[in-house]
1. Taking the range B:131-165 as the region of interest, how many residues are more than 14 Å from chain D (Cβ to nearest Cβ) and under 21 Å from A:H145 (Cβ atoms)?
2. Taking D:A209 and the conditions (1) more than 14 Å from chain B (Cβ to nearest Cβ); (2) over 19 Å from D:I127 (Cβ atoms); (3) hydrophobic (A, V, I, L, M, F, W, C), which numbered condition does it fall short on, given that it satisfies the others?
3. Within the range D:209-223, restricting attention to residues that are outside any loop (DSSP other than H, G, I, E, B) and touching a Pro at 6+ places or on another chain (Cβ under 7 Å), which residue is surrounded by the fewest Cβ atoms within 10 Å (Cβ to Cβ)?
4. Among (1) in contact (Cβ under 8 Å) with a residue 40 or more places away in the chain; (2) more than 14 Å from chain D (Cβ to nearest Cβ), where does C:T98 come up short?
5. From the set of residues in the range A:1-34 that are of a type in the set (S, T, Y) and part of a helix (DSSP H, G or I), which is farthest from A:A214 (Cα to Cα)?
6. May I ask you to list the residues in the range C:73-90 that are surrounded by fewer than 23 Cβ atoms within 10 Å (Cβ to Cβ) and of a type in the set (G, A, S)?
7. Which number in (1) over 19 Å from A:T16 (Cβ atoms); (2) touching a Ser or Thr at 6+ places or on another chain (Cβ under 9 Å) marks the one condition that A:A102 misses?
8. Quick check on the range C:95-118: of everything there that is aliphatic (A, V, I, L, M) and in a helix (DSSP H, G or I), which residue is surrounded by the fewest Cβ atoms within 10 Å (Cβ to Cβ)?
Protein chains: 4
Amino acid sequence: MTFPSPLTGVVPPVCTPLTPEREVDVRSLLRLTGHLVEAGVHGLFLLGSTSEAAFLTDRQRRQVVEAVTAHVGGQLPVLAGAIDMTTPRVLDHVASVTAAGAQAVVVTAPFYARTHRAEIVHHYRRIAAASPVPVVAYDIPVAVHTKLPADLVLGLAGDGVLAGVKDSSGDLAAFRELVTGARSHPGFSTLTGSELITDAALALGADGAVPGLANVDPHGYVRLYRQCRAADWEAARAEQDRLCALFAITTAADPARMGPGSAALGAFKAALHLRGVIDCPATAEPQVPLSGEETERIAKLLAATGLL
Amino acid sequence: MTFPSPLTGVVPPVCTPLTPEREVDVRSLLRLTGHLVEAGVHGLFLLGSTSEAAFLTDRQRRQVVEAVTAHVGGQLPVLAGAIDMTTPRVLDHVASVTAAGAQAVVVTAPFYARTHRAEIVHHYRRIAAASPVPVVAYDIPVAVHTKLPADLVLGLAGDGVLAGVKDSSGDLAAFRELVTGARSHPGFSTLTGSELITDAALALGADGAVPGLANVDPHGYVRLYRQCRAADWEAARAEQDRLCALFAITTAADPARMGPGSAALGAFKAALHLRGVIDCPATAEPQVPLSGEETERIAKLLAATGLL
Amino acid sequence: MTFPSPLTGVVPPVCTPLTPEREVDVRSLLRLTGHLVEAGVHGLFLLGSTSEAAFLTDRQRRQVVEAVTAHVGGQLPVLAGAIDMTTPRVLDHVASVTAAGAQAVVVTAPFYARTHRAEIVHHYRRIAAASPVPVVAYDIPVAVHTKLPADLVLGLAGDGVLAGVKDSSGDLAAFRELVTGARSHPGFSTLTGSELITDAALALGADGAVPGLANVDPHGYVRLYRQCRAADWEAARAEQDRLCALFAITTAADPARMGPGSAALGAFKAALHLRGVIDCPATAEPQVPLSGEETERIAKLLAATGLL
Amino acid sequence: MTFPSPLTGVVPPVCTPLTPEREVDVRSLLRLTGHLVEAGVHGLFLLGSTSEAAFLTDRQRRQVVEAVTAHVGGQLPVLAGAIDMTTPRVLDHVASVTAAGAQAVVVTAPFYARTHRAEIVHHYRRIAAASPVPVVAYDIPVAVHTKLPADLVLGLAGDGVLAGVKDSSGDLAAFRELVTGARSHPGFSTLTGSELITDAALALGADGAVPGLANVDPHGYVRLYRQCRAADWEAARAEQDRLCALFAITTAADPARMGPGSAALGAFKAALHLRGVIDCPATAEPQVPLSGEETERIAKLLAATGLL
């Protein structure tokens, strides 16, 4: 299939199920993929932050992309993160994930190294020049500690360097600037990474959403997307309210015991395990596992929102 | 050779010379190694931030360690960074650099992923358990956006998990807490990463220094180290003053054109090129190269401090 | 008049016009007040960040509140900021602005002093206990470097300590948590401080908006508020688009010459001056004044959005 | 007396004892002043961060300066903070504290308002032009969230705008740049605000120190200063080690119960109370008071370092 231009709809950042030994659990991964595809999602984003890309070895990253692209066989677009610190290392990942079948790559600003606007521009230009597939910018300041300026992204959109942006900055005003600017660049895709204001992002014109919580409740996000597209804002708000209530699973863990990443990724996997989609709720090291009591809280939240 | 316990002295974070095509320039790397060893440095730190580890591919990282360890043949200890986001990825680098001959590994807190004290502890424990060589903690908040708490580091020192710490936090009060606490852990090595307060760090009891500027002027830092060890504080202060003046090369570039990383790493390489140690001053992408005018400024600073 | 419970509608943070000598220009202030009231705004917020409260002396702050409350004579609710570092200093401002006629006070988390959740709670409790009028929390992390947690605000709402919140955090997902939680606290008012996503905030249930840009175009925000209340989202989005385009006045100044505060507050005043509402566009010291060329750019943006 | 140029020696930021009702306890304040003067300190800094200036009302601030300057009667220089958000408000404090007898004013960068290099320069120029006494810059990023660049401070020193700098940034490398640059500006005073690296700051040429802990142990800091001036580095390091151990009182409180400010200021006052210097250990609101158990820990630390 050709990569859609623009990409629209619900594109979950797919969790990476692991075995108790922290190897990729391919059977669970394919079961999760099926669970998402059957719910009607419009694309899959592998190796994003929710996929624990930061924790997967190069071998595991390849394994994930190969397994999923083979499984979906072109039914829907598959994007893959090429998450690394700087241009040369990202280029290696681009080569690897595209060889494994990814139809677009998702790339952050440089991190670890202190960066600069001119360096970010050069970074994306070099990657786009070398990539056999479209490049989507991944704006995730909480991880890389740099916010991609809207005018930079739109400039690169205009030059054909970027095919889209996934905005996980939480800054809806800045995202709106992207959406408004993108009207001049048909084919450029604006995707929100927010679980909690998906309706608002779609209402102001976003092409789609990449919500981590869609692993747990893909039907909910697909419904929400359709309601927004149909301008049924009343229904959309009710659905979004339900999803916001469900998002409380990500803070069910004790913040004195673990960081917010362990809590959120652990919650997604615990919920998928409780719902019978994956075999083991383990997260990668050095994340702290949820306790039985914390998992119990998640079960209650799933039940309260009709998912268990 | 056995890895010294504690490691002491001047341990430059070795720059990684590149060809104009951005491949590792092994001949220049070995010439730089010789330049450092002949100046009397006490160890070499490969694949640190100054070495552009964040920019080197896995293949290039291996190449650097193999070339240098073969060249120095055990004359002096060689440490190598295992710089990556999380435990599983760091473990891959540990395996790779130790196979290539590194005698200790240098490891930061997790980054990209949001982290937590308990996760940092688990990270170091897992890595030490798997590493065939000693593990040195690398405290570099400007890169990883987390400061390693002194009591955490000292606790891991007491448990035999960490063999030392390289402190690039710039926070001398916190470093003093490490040095004072390390008195109870003979064999644990406290190394300052600061070019500008090396004398102060040694005066308060640091075991050694890992100054990026020692690439450019290893003789200066070796003299400074000896003066401090001899408690000749008058001479040390004069030497440190000279080195502080030389450090101005790292801000010779126009901050409107590039970030502070490009400016500093570019300056080290420009200086090494001007001094005839390396063949090409290129830095890795996406860093911005220095202009002719900026390089000229560096040449003047080298001349003013007697290095050209 | 009784203070409305909850306060709803458009409540502009009123600019404080100054003379060339940087004294409060009371005539211009009252003209601006009239301009806002005639446009149909639902309340006035004096001594907020947009009012340059941080720059006004205690004498000037009193002067502003006295002049405006006397002028509007209870036609519509008047809130006043009591912006200072800690509880005792805020209490002095509360006494002063309520003596001068303010019907509610708006209070941030402590700043300058490092703070803590327990201290923020105690801060608001003490202020509410001493204040003769309702207390509204002002969440403005860009100024005070602390984000008010939603559960803290809602807890204080439940206890009757807080009458509302003005959210200038830019974090719509967190604001949604406030709005959703506030359903259990009828009378508690949720106000967005964002100019750019006012429609989105109202769509998800906010009671009102406190947009700085409403000084320049109060009719626009009043229209937008009515469209949102009427659920005419099509019209609202078009109006919001127009207001977003107008907001470009806040970045018309050269960022190399001044900070974003000087640029934004200078732009609001330049626009009010160009529109004939105030006599002098001066901002308080040490802010940098806009140049003629920068003001020219603002005039063009006003013309383009139909305001000149 | 004329204000010394440069100011040198130990200049404690004087705690402000409060009554249980949170009024200034003038008798205790004068007892504390006597305790410091008799220990041989070289100046007094009122209304700094350690003095809880951020918590004192304008009336209380005046009261503090009047009481202390009358008491010391010109025996030693008295500086006072003029801590507020922006130029006009700082100017009011300058007028007030100099009327009350302060011989120099200490002024931070603007805060709350977002600032810019050009604005900081203008801020200091305006204040120096209006101040009847010398102006000392107060570099305290943890409070104002801006670091004063060394070249900015040195430029204003060269222009006669600034008479000195109090550096509470914790960044010794940047402080060294100030000290080195100040050699060209005789009369300009470089003062470190650090309790923990006072010896290091003096060793590299600082004129003096402003350590909060000197409230508790002025004799220790006076000894340390003399040892450093006599270049008796061995003795200085031992004294500094003792003071570092004593500084543990500032972290004796439970960080889950209060912020680091409450813990440190509470500890200084608890120690002064335990040593019989002040009548009541209360800190201003909204700070959290230390528990009996936490105070007990402080008593033990005082005993261990020979102060009780």
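1. Residues flagged as more than 14 Å from chain D (Cβ to nearest Cβ) and under 21 Å from A:H145 (Cβ atoms) within the range B:131-165 amount to 9.
2. All conditions are met except number (1).
3. So in the range D:209-223, the residues outside any loop (DSSP other than H, G, I, E, B) come out as D:209, D:212-215, D:218-223.
Checking which are touching a Pro at 6+ places or on another chain (Cβ under 7 Å) leaves us with D:212, D:214-215, D:218, D:221.
Working: D:G212: 25, D:A214: 29, D:N215: 25, D:P218: 21, D:Y221: 29.
Once the filter is applied, the top-ranked residue is D:P218.
4. Only one criterion is unmet by C:T98, namely (1).
5. Here is the first cut: in the range A:1-34, the ones of a type in the set (S, T, Y) are A:2, A:5, A:8, A:16, A:19, A:28, A:33.
With the extra rule that they be part of a helix (DSSP H, G or I), the set shrinks to A:28, A:33.
On the way: A:S28: 16, A:T33: 12 Å.
It comes out as A:S28.
6. Within the range C:73-90, C:G73, C:G74 qualify.
7. So A:A102 meets the others, but not (1).
8. The qualifying residue surrounded by the fewest Cβ atoms within 10 Å (Cβ to Cβ) is C:A99.
The values are calculated or read from the model by the stated rules, or taken from the named source; none is laboratory data. This is a predicted model, so every value here is computed, not measured. When we count neighbours, we look across all protein chains shown, and the Cβ atoms used for this are built from the backbone with ideal geometry, even at glycine.
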